[in-house]
Amino acid sequence: MWDFSIGGALGMMVRTMPFILLRIAVYFGITLGYILVTGVGAGVGYGIGGFGEEGLRASTTMWGGLAGFSIFGAVMYWAREYILYIVKAGHIAVLIELIEGKPMPDGRSQIAHASAVVKERFPQASVLFAIDQLIKGVIRAISGLVRGILTILPIPGARQLGTILSAFLRVAVGFIDEVILAYAIRTKSDNAWMSAKEALVLYGQNYKPMLKNAAWLAFIVYGLSFVVFLVMLAPAALVVYLMPGAWAAGSVVFALLFAWSVKAAVLEPFAITCMMQVYFKTIEGQQPNPEWEAKLEQMSGKFRKLKDRAFKEVGETTVKPEAMQQ
């Protein structure tokens, strides 16, 4: 069925509990922020609507809630690279040390130690975020290759099957980009762009086992997220009821936010831990295949950008000592 150990992944999550608690605080804090700002927006709209008829009040309450939700969403959009830098990458750094059997340094918390490791590999949050965005583009291209193979097979309904599979893979590959970042951290390379390039080639040449396991994890994670969504519908409806001018669709939106926060705080790190097990075990002893590198160059402009930046970084590191001598 799958190639990862659920027990092993859960064991590592327990051992990285400080990061799990940090993720819970961050993602549930974001959900609470959405609820509070939406409530404030709805309250302002309700107050403005008080100057008109009852129908106006219902309309302004709805638009006020939507405005509050949108404003907070925009803030979170700009904060996403720092969440990746501080929360996700730090957790990956600690998980890598556990996979390698290394003890945590004495006298330093997991979060402080992980932050130091991440800053050593990625001096700026923007660099990590830029690499992550390019990685996602390349992974989408590889999953698109699977769809392309299906569409040319002489099988009835292959095109429709390819479309469905492609949509599912777009969900599944969401767990893989952080595994590629894990490789860049694990190799301790001074050139994170080059490490990401190598990791993507290794992923490409092993895409079958990687996508198979990612698909299983997508099924597990999103299945559990749906259960959380159903459980949270009742308390979310109560929150909406307490808001001025109760927003009918709000209970569904807030239940989705709660389900998302559980997924991001607990289920995603579990999935990523499982994928790291599979990836590092699969690529052990392998070298990047030049044929796959050429294939990725041909199919993905994002990969070409990543490769160009990797070699530019090599050029910069070789020029600097010469420049200092002049």
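For the reader, a short list of remarks on this structure follows.
- Exclusive hit being modelled with pLDDT of 85 or more and in a helix (DSSP H, G or I), set Val179, Val173: Val179
- Exactly one residue among Met17, Met13, Met76 is of a type outside the set (S, T, N, Q) and modelled with pLDDT under 90, and that residue is Met76.
- Across the stretch 107-121, a minimum of one residue is classified as under 30 Å from Gly11 (Cβ atoms), of a type in the set (Lys, Arg) and in contact with a helix residue (DSSP H, G or I) (Cβ under 7 Å, 6 or more places away or on another chain).
- Verdict on Thr151 being modelled with pLDDT of 65 or more, surrounded by fewer than 22 Cβ atoms within 10 Å (Cβ to Cβ) and closer than 26 Å to Arg304 by Cβ: no
- Filtering Ala141, Ala214 for residues that are modelled with pLDDT under 90 and closer than 24 Å to Val262 by Cα leaves a single hit, Ala214.
- Matching residues, the stretch 217-247, being among the aromatic types (Phe, Trp, Tyr) and modelled with pLDDT of 85 or more: Phe219, Tyr222, Phe226, Phe229
- Test: residue in the stretch 42-58 that is among the aromatic types (Phe, Trp, Tyr), more than 29 Å from Phe229 (Cβ to Cβ) and over 27 Å from the mean Cα position of the chain (by Cα): yes
- Count of the stretch 271-305 residues which are within 28 Å of Val221 (Cβ to Cβ) and either loosely packed, with under 12 Cβ neighbours inside 10 Å or out of contact with any helix residue (DSSP H, G or I) (no Cβ under 7 Å at 6 or more places or on another chain) (or both): 3
The values are calculated or read from the model by the stated rules, or taken from the named source; none is laboratory data. Here the structure is a predicted model, which means the values were calculated and not measured. Here the Cβ is made from the backbone with ideal geometry for all residues, glycine too, and neighbour counts use every protein chain on show.
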